[in-house]
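Working notes, structure below.
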Amino acid sequence: MTGITLRTARPTDRESVVDLIHALNLFEADLVADRLRDRGAAGECYRRIQERVSAQDGRVVLAEEEGRPLGLMVFVTALDEPFVAQPFRRYGLVTDLVVAPEARRRGIGRMLLDEAEKIAREKRLRRLCIGVLDANDEARQA
């Protein structure tokens with residue numbers, strides 16, 4: 001896939017990141033009844049993502065083509081319950097993954113998940129998880 005690059009989001013990417021989060025919220029709102037559709041909610045979600053990424057040794061990764069953001073992945077390091085054996089307790093978690101509607105079916109989501117795997121390996125994490133809405137049949141089957 002030529003022309004698609006991945007990089008860590010910068011503070012100057014705020015509007016692009018909020019646009020992608022808003023696209024995710026709209027997509028999920030079509031699947032479940034509990035999602036807000038306004039852009040303000042996406043802005044608040046971004047603020048909370050920033051807090052979580054900072055507190056949990058995480059990263060927001062943008063996929064872009066010719067400087068245009070096409071996808072987003074949020075990775076954090078999570079800590080599992082005490083009943084999980086110590087070597088497996090810390091794990092990578094993809095909390096959000098979205099590809100702009102016009103860029104879907106180009107392998108960008110796969111690229112972002114591959115990047116999550118790379119980050120997990122760099123952090124020497126032995127597990128990587130991703131949450132998916134039960135109603136999102138396509139993502140559950142991928």
Test: L93 is out of contact with any strand residue (DSSP E or B) (no Cβ under 6 Å at 6 or more places or on another chain), modelled with pLDDT of 95 or more, open to solvent by less than 50 Å² (accessible area, probe 1.4 Å) and not acidic (D, E): no
Unmet criterion (only one of (1) at pLDDT 95 or above; (2) under 17 Å from R10 (Cβ atoms); (3) not aliphatic (A, V, I, L, M)) for G67: (1)
Qualifying residue in the range 54-70 (condition: in contact with a strand residue (DSSP E or B) (Cβ under 8 Å, 6 or more places away or on another chain), polar (S, T, N, Q) and closer than 28 Å to K123 by Cα): yes
Selected residue [without any contact (Cβ under 8 Å) to a residue 12 or more places away in the chain and either open to solvent by 30 Å² or more (accessible area, probe 1.4 Å) or of a type outside the set (D, E, K, R) (or both)] from K123, K118: K118
Scope the range 116-132; condition out of contact with any helix residue (DSSP H, G or I) (no Cβ under 7 Å at 6 or more places or on another chain) and either in a loop (DSSP other than H, G, I, E, B) or aromatic (F, W, Y) (or both); matching residues: K123, R124, L125, G131
Selection from the range 18-61 of residues that are in contact with a Leu (Cβ under 7 Å, 6 or more places away or on another chain) and either farther than 12 Å from D96 by Cα or open to solvent by 60 Å² or more (accessible area, probe 1.4 Å) (or both): L31, V32, R37
Any helices (runs of 4 or more DSSP H) falling wholly within the range 1-115 and containing at least 2 residues that are free of Cβ contacts under 8 Å to residues at least 40 places away in the same chain and in contact with a Phe, Trp or Tyr (Cβ under 9 Å, 6 or more places away or on another chain): 14-29
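The values are calculated or read from the model by the stated rules, or taken from the named source; none is laboratory data. Just so we're clear, the structure is a prediction, and the values are computed from it rather than from any experiment. Cβ coordinates were reconstructed from backbone atoms using ideal geometry, including for glycine residues, and neighbour counts include every protein chain displayed. When the accessible area is computed, the model is the full protein with side chains, heavy atoms only, and any ligands, DNA or RNA have been set aside. Shrake-Rupley method; radii C 1.70, N 1.55, O 1.52, S 1.80 Å.
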